[in-house]
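Okay, so here's the structure we're looking at.
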Amino acid sequence: MKYVIVGAGVAGIQAARAIREQDQTGEILMISADVHVHSRCMLHKFISGERDEAGLDFTERDFFDKYRINWKKGLRVTAVLPDKKEIRLDSGETLSYDKLLLANGADSFIPPVGQLREASNVYGLRNLSDAQAIVKEAETAKRVLVIGSGLVGLDAAYGLIERGKKLTVVEMADRILPVQLDAHAAKAYEDLFEKAGVRFVLERKASEAVCQPDGKIHKVILDNGEEIPCDLIIVAAGVRSSLACLESSGIDCQRGVTVDSCMRTSAADVYAAGDVTALSGIWPNAADQGRIAGKNMCGLTARYTDTYAIKNTINFFGLVTLCVGRIQKEEGDQVYIREDQRQYKRILVKDGRVEGILFQGNIAGAGIWQYLIKNQIDVSGIDKDIFDINYGDFYQVGDRGKYEWAV
């Protein structure tokens, strides 16, 4: 059996590991544009200089030798031909497969504002190659503009603080981290970043950006006419699944590659996992998808069911925040808040069921809340402060870790 994996991110790596655990003799071929295995969650540490390329590798020593994986690096897949069970590479080479996994991730989205897409000093931050280019540009750049204050944008800003750059962050929303946090929790991070010298411009967006004769943009004009001088621009305006190689494949795609619970695509013997599926943009989910895909590629039956909630852990300047599920308040929600000097906790409940939590400062004991959200357990029947709920309020059913209220 010949297994081909496109992508060397966490989904591809975990799939390869799962395949080798099930099939000791099959051939595993991994193809990636990346030349280093790296955690994109740690790219800000590379930008700051805290880690080098090797320090971003999340695999064990001699991973590829240990699992007998042939890794073709620095290559892109340009076409997938399911009818022939072949893929084509940008090197001109054509390779065959018995089972194929698409784990080639997503690409940064640069909006069509002025000449942002043409300028040589504008970057996304998705891969190690992006971080390497940013670090090189930062050697001479003094003023940095970050467009977007989501996790990627703030990661970039956080890394560049260590390099002594003058940073401005522009955000369309009325607060930073608008998807992950409410106004209160966002303000805590905003204050910390501002103390470190970062300037935030909220409720504004870029409207004009023109390249100068050197091919770079040296100022961006906002929608209110304000001019932001800059030598380096980092755009954190979202990502798009990497689907270019599938344009003529016949494989069903929407925002990402369409998969079933076994991570199978619409094409026989073709699977997909990670950001290319657009199912979830977080690391643990991509890892789970990769493991499940790998098992199914070997003929086992495993299903991905962890689509219940968005989950993010945020840590800037030592302040930790965990958010799970829905954060934005909707009509009919009950909002519970507990706050003191050490912590801020917010819980959303609708129709007796926990829809989302946001814990900042002290995130201990969050496992029970993830269970409640995932399993949509009705909490209206327990007579105690909602913040004091714990596993002692349940009894275990059977031997599979399932719990029900002990009421």
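If I ask for residues that are part of a loop (DSSP other than H, G, I, E, B) and touching a helix residue (DSSP H, G or I) at 6+ places or on another chain (Cβ under 8 Å), which ones from region 51-80 would you list? Let's see the steps before the verdict.
Our first condition is that a residue be part of a loop (DSSP other than H, G, I, E, B); within region 51-80, this holds for 51-53, 57-62, 67-68, 74-76.
Across region 51-80, the qualifying residues are R51, D52, E53, F58, T59, E60, Y67, R68, R76.
Select the strands (runs of 3 or more DSSP E) contained entirely in region 81-122, then report the ones holding at least 2 residues which are not hydroxyl-bearing (S, T, Y). So that I can check it myself, show each step before the final result.
Details: elements: 86-89, 94-96, 99-102, 106-108.
Fully inside region 81-122 and qualifying: 86-89, 99-102, 106-108.
Please work out which residue is modelled with the highest pLDDT, limiting yourself to region 307-342 and to residues that are part of a loop (DSSP other than H, G, I, E, B) and surrounded by 15 or more Cβ atoms within 10 Å (Cβ to Cβ). Please lay out each step first, then the result.
So in region 307-342, the residues part of a loop (DSSP other than H, G, I, E, B) come out as 307-310, 317-318, 326-333, 340-342.
Checking the rest, the ones that are also surrounded by 15 or more Cβ atoms within 10 Å (Cβ to Cβ) come to 309-310, 326-327, 329, 333.
Values: A309: 58, I310: 69, R326: 88, I327: 88, K329: 89, D333: 92.
This residue is D333.
Quick test for you: out of I221, I234, pick the one residue that is closer than 23 Å to R117 by Cβ and buried (at least 21 other Cβ atoms within 10 Å of the Cβ). So that I can check it myself, show each step before the final result.
Values: I221 fails: buried (at least 21 other Cβ atoms within 10 Å of the Cβ).
Residue meeting the stated conditions: I234.
Given the criterion within 21 Å of the chain's Cα centre (by Cα) and of a type outside the set (D, E), identify the matching residue among A79, A16, A119. Even if it seems obvious, please write down each step before you answer.
Numbers: A79 fails: within 21 Å of the chain's Cα centre (by Cα); A119 fails: within 21 Å of the chain's Cα centre (by Cα).
That would be A16, the only listed residue that is within 21 Å of the chain's Cα centre (by Cα) and of a type outside the set (D, E).
Within region 172-187, is there a residue that is within 21 Å of Q115 (Cα to Cα) and either in the same structural domain as A133 (by TED's automatic domain parsing) or polar (S, T, N, Q) (or both)? So that I can check it myself, show each step before the final result.
Step one: list which residues in region 172-187 are within 21 Å of Q115 (Cα to Cα), which gives 172.
Cutting the leftovers down to either in the same structural domain as A133 (by TED's automatic domain parsing) or polar (S, T, N, Q) (or both) gives us 172.
Scanning region 172-187 turns up at least one residue that is within 21 Å of Q115 (Cα to Cα) and either in the same structural domain as A133 (by TED's automatic domain parsing) or polar (S, T, N, Q) (or both).
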Item to check | Selection within region 1-30 - out of contact with any Gly (no Cβ under 8 Å at 6 or more places or on another chain), buried (at least 22 other Cβ atoms within 10 Å of the Cβ) and not in a loop (DSSP other than H, G, I, E, B) | outcome: V4, I28
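The values are calculated or read from the model by the stated rules, or taken from the named source; none is laboratory data. All values reported here derive from a predicted model rather than from experimental measurement. Ideal geometry is used to build each Cβ from the backbone, glycine not excepted, and the neighbour counts take in all protein chains shown.
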